[in-house]
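All remarks here apply to the structure that follows.
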Amino acid sequence: MAFLSLYLSKPSTTEALWVSDCRIIHGCCIQMPAARIRFQHRSAGVRSKRHTGRLNVRAAGTETDKTKPNAPEVTPSDTRSSAVNQLLGMKGAGKETDKWKIRLQLTKPVTWAPLIWGVLCGAAASGNFHWTIEDVAKSITCMLMAGPFLTGYTQTINDWYDREIDAINEPYRPIPSGAISEPEVITQIWVLLLGGIGLAYTLDVWAGHSFPTIFCLSLGGALLSYIYSAPPLKLKQSGWIGNYALGSSYIALPWWASQALFGTLSWDVVVLTLLYSTAGLGIAIVNDFKSIEGDRAMGLQSLPVAFGIDTAKWICIGSIDLTQLSVAGYLFATGKLYYALTLLGLITPQIIFQASAQPFFVLGLLVTALATSH
Ligand SMILES: C/C(=C\COP(=O)(O)OP(=O)(O)O)CCC[C@H](C)CCC[C@H](C)CCCC(C)C
């Protein structure tokens with residue numbers, strides 16, 4: 001489950017990884033080792049910022065100065081691993097003074113992985129990717145657009161709109177600690193957004209599209225990122241909608257862009273990937289288990305709070321496993337028997353080994369992509 005969270009770029013990456021150290025029954029972290037007390041601390045404190053809308057985080061105009069006093073003198077740890085965390089944009093990052101490293105941290109490189117994998121799946125699904133220099137260059141450009149640029153933009157804008165709550169939860173993060181100034185953050189948001197959209201348009205021209213499909217997808221993704229993080233909509237406040245928005249945009253959008261780049265994006269693939277995104281919703285729920293007490297204390301209705309741990313646990317694993325079973329059924333129904341059987345073969349260990357099922361889920365996506373190409 002840990003990597004599933006990471007795969008979907010669930011932002012609380014370090015915490016997601018910690019989930020793997022908890023005792024997990026059917027994907028639900030129900031017991032924490034004493035060493036992982038930060039979980040307990042956080043859950044007893046303020047809720048993960050994905051649900052912080054009710055704290056009235058303001059849309060704009062927070063002076064960095066205001067949040068500076070919260071910046072601790074000493075960061076969580078000044079070890080080598082905290083330096084790695086810093087570069088990857090993970091929690092538990094050490095203090096950094098190099099502006100470029102801080103900029104990189106804001107883009108959370110660890111969260112680029114699912115988008116890059118999505119590009120790979122789209123290329124596979126197109127059935128038209130060839131190992132030529134041109135196709136490899138196209139796919140690298142598409143990965144650059146989806147990962148560093150558009151995911152980087154998404155993560156930076158998310159941190160921007162979460163800066164006040166971060167001043168409480170994670171005061172050592174670049175924005176609340178004052179390590180980077182507000183104009184620098186705004187500039188970074190625009191550079192990444194325009195760079196990503198520019199690359200998308202370049203890819204459309206490169207592919208000879210008469211309609212700029214990739215450009216439109218990038219605009220749609222950028223807009224979704226904005227309404228996910230920014231008021232008044234701030235989709236991330238809503239358990240169901242926020243989780244599905246995250247799951248679908250990380251699974252479907254890069255796949256669509258890449259399939260359009262190398263071939264034709266068909267409606268059956270659109271429907272199939274949107275269906276697959278339900279598994280993304282389930283994966284996103286994993287993150288809610290770590291902050292149940294805090295959510296309850298603040299009256300926030302995350303799925304575990306709203307339905308209880310047991311029910312949320314079943315919603316989580318049910319949405320992941322049933323989605324994949326449905327996709328296997330679809331492949332079977334459309335005559336892709338061997339692909340359907342391969343997918344079933346991957347789902348079986350996933351159901352049995354919930355806690356370490358991540359490679360099976362990720363491979364299942366690729367198998368589905370390959371199946372749709374034939
Ligand atoms: C910012 C995101 C998650 C952070 O969530 P949260 O604040 O709850 O977590 P932390 O508290 O731990 O920070 C991800 C949001 C994803 C968004 C809805 C849409 C992403 C769009 C893609 C980047 C666009 C790709 C387009 C393309 C490939 C054509």
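Please report the relative contact order for the stretch 95-264, taking Cα pairs under 8 Å with a sequence separation of at least 6, and give it as a percent rounded to a whole number.
On the way: 213 pairs, mean separation 58.9, N = 170.
After rounding, I find 35 percent.
How high is the relative contact order of the stretch 266-373, given as a whole-number percent (alpha carbon pairs under 8 Å, six or more residues apart)?
Details: 94 pairs, mean separation 24.4, N = 108.
So the answer I get is 23 percent.
What residues have an amide H closer than 5 Å to that of Gly263, excluding those fewer than 5 places away on the same chain, when H is modeled at 1.01 Å from N in the peptide plane?
It is none; the list stays empty.
Once phi is turned into θ = phi - 60°, what whole-Hz ³J(HN,Hα) does the Karplus curve with 6.51, -1.76 and 1.60 give for every residue of the stretch 110-126, x standing for Gly and Pro?
4, 8, 6, 3, x, 5, 5, 5, x, 5, 4, 5, x, 5, 5, 5, 5
Readers should treat all values here as calculations from the given coordinates under stated rules, not as data from a laboratory. Bear in mind the structure is a predicted one, so any value in this text is a computation, not a measurement.
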